[in-house]
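Undergrad: Okay, here's the structure, questions in a sec.
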Amino acid sequence: MTLVRTLAAVILCACCAAALAQTSHTREHSFSGAEHWVKVFDDPARDAWQKPHEVITALSPAPDSLVADIGSGTGYFAARLAHFVPKGRVYGVDTEPEMVKYLEERAKREGLPNLVSIAGRPDHANLPAKVDLVLMVDVYHHIADREGYFRKLRGSLKPGGRVAIIDFRADAPSGPPKSERIAPSRVTTELAKAGYALAKEHTFLPNQFFLVFEAAKP
């Protein structure tokens, strides 16, 4: 393996580990020290495989949408979303107090008054209003009681609201241990039990599946 490929692999692993930190449930991880983690979470090298612009464009939120980024971490997606919905609002939700504080300060520093940092709980997002879109990136496999969590989350969706779930595929070269990865078919089954239906699947991410759900019709 060449030096360039070796360095690329190291960067990829670091970015994947960072993505895992941006979760709604940090049972086994502590991510205090936001100033340190921002260098990893927001490393430009992550853009090559995470494709944040393409992800948000695929979701196509309206300019006045209310969006929740659950497991927002330092705001890798939340800050970008705030630019996409200038007439709306983005709730960046995290359970790590230092991440919540950091995102609040980032919103002020970058002049994003429509980005609001929210302290969530492992079993509840604590959203202050119903939203049009929920984005969860590398979060799903960390949630303990997924059926209960997503049943509660349905109450925070506007009519026609969507939940987008992005997480690592079993064959991805980096990410969580393979024993912790969850197949997209299982995600669809579990979300069906919580009252959701798969609305769309995107396949352009090289390491992750990308599923979009809506509340199932009665």
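Undergrad: Across the range 191-205, what is the total count of residues that are open to solvent by less than 40 Å² (accessible area, probe 1.4 Å) and not in a helix (DSSP H, G or I)?
TA: 5
Undergrad: Continuing with the same structure: Check off (1) closer than 30 Å to D64 by Cβ; (2) open to solvent by less than 10 Å² (accessible area, probe 1.4 Å) for F168 and give me the number that stays unchecked.
TA: Tallying (1) closer than 30 Å to D64 by Cβ; (2) open to solvent by less than 10 Å² (accessible area, probe 1.4 Å), F168 fails exactly one: (1).
Undergrad: If G175 satisfies all but one of (1) at pLDDT below 95; (2) assigned to a loop (DSSP other than H, G, I, E, B); (3) surrounded by fewer than 19 Cβ atoms within 10 Å (Cβ to Cβ), what's the number of the condition it fails?
TA: (3)
Undergrad: Among all residue pairs at least 6 apart or on different chains, which show Cβ distances below 8 Å where the first residue, located in the range 121-132, is among the hydrophobic types (A, V, I, L, M, F, W, C) and the second is at pLDDT below 95 and open to solvent by less than 30 Å² (accessible area, probe 1.4 Å)?
TA: Qualifying pairs under 8 Å: A125/S24.
Undergrad: Moving to a separate point now. Could you count how many residues in the range 84-98 are of a type in the set (D, E, K, R), open to solvent by less than 50 Å² (accessible area, probe 1.4 Å) and closer than 25 Å to E54 by Cα?
TA: Residues meeting the conditions: 1.
Undergrad: Take the residues of the range 99-119 that are open to solvent by 80 Å² or more (accessible area, probe 1.4 Å) and among the basic types (K, R): which is nearest to F41 (Cα to Cα)?
TA: Among those residues, the one meeting the criterion is K101.
Undergrad: Considering each of A144, A183 in turn, give the residue that is without any contact (Cβ under 8 Å) to a residue 24 or more places away in the chain and over 20 Å from Y91 (Cβ atoms).
TA: A183
Undergrad: Here is a further query. Given the structure, is G155 crowded, with 17+ Cβ neighbours inside 10 Å, of a type outside the set (S, T, N, Q) and within 27 Å of A79 (Cβ to Cβ)?
TA: Judged against the criteria, G155 is not a match.
Undergrad: To continue, here is another question. Working carefully through the options K51, K101, find the one that is under 16 Å from the mean Cα position of the chain (by Cα), basic (K, R) and either modelled with pLDDT under 95 or more than 26 Å from R154 (Cβ to Cβ) (or both).
TA: Just one listed residue meets the conditions, K51.
Undergrad: Please enumerate the residues belonging to the range 147-180 that are in contact (Cβ under 8 Å) with a residue 12 or more places away in the chain and among the charged types (D, E, K, R).
TA: E147, R151, K152, R154, K158, R162, D167, R169, E180
Undergrad: Given the condition modelled with pLDDT under 95, of a type in the set (G, A, S) and surrounded by 14 or more Cβ atoms within 10 Å (Cβ to Cβ), answer yes or no: does some residue in the range 179-190 qualify?
TA: no
The values are calculated or read from the model by the stated rules, or taken from the named source; none is laboratory data. Predicted, not measured: the structure shown is a model, and the values here were computed from it. Quick reminder, even Gly has a Cβ in these numbers, built from the backbone with ideal geometry, and neighbours come from all protein chains shown. The protein model used for the area step is the full one, side chains on, heavy atoms only, and it has no ligands, DNA or RNA in it. Shrake-Rupley method; radii C 1.70, N 1.55, O 1.52, S 1.80 Å.
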